[in-house]
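For reference, the structure discussed in these notes is given below.
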Amino acid sequence: MGGCSAADLDRLSEQQARYDRLKRLDHEAKKAERHFQIQAYQTQYNSEILKEILQLNENMCSFIDYMTSYGDKY
């Protein structure tokens with residue numbers, strides 16, 4: 001059983017560097033994915049809030065119209 005040669009150590013070092021790089025890239029990809037998931041959720045939430053505000057506005061306009069017409073009758 002001989003020791004590792006310099007070439008073997010170089011290969012191991014290169015493999016470790018590739019592994020570290022892939023691990024870092026995977027981590028960055030997961031961070032980016034979470035970021036885009038959060039952005040998508042915020043966009044959906046903002047869209048739902050806008051729909052609710054528009055519905056509330058429509059309801060208020062209908063109520064104002066009703067109260068105005070009620071006042072005209074009496």
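Yes or no: segment 45-67 includes at least one residue that is outside any helix (DSSP H, G or I) and aromatic (Phe, Trp, Tyr). Among the residues of segment 45-67, not one is outside any helix (DSSP H, G or I) and aromatic (Phe, Trp, Tyr), which makes the answer no.
Residues in segment 1-37 that are among the aliphatic types (A, V, I, L, M), modelled with pLDDT under 95 and open to solvent by 100 Å² or more (accessible area, probe 1.4 Å): 1 only.
The values are calculated or read from the model by the stated rules, or taken from the named source; none is laboratory data. In this text, all values refer to a predicted model and were calculated from it rather than measured experimentally. For the accessible areas, the whole protein counts, side chains as well, though only heavy atoms, and no ligand, DNA or RNA atoms are used. Shrake-Rupley method; radii C 1.70, N 1.55, O 1.52, S 1.80 Å.
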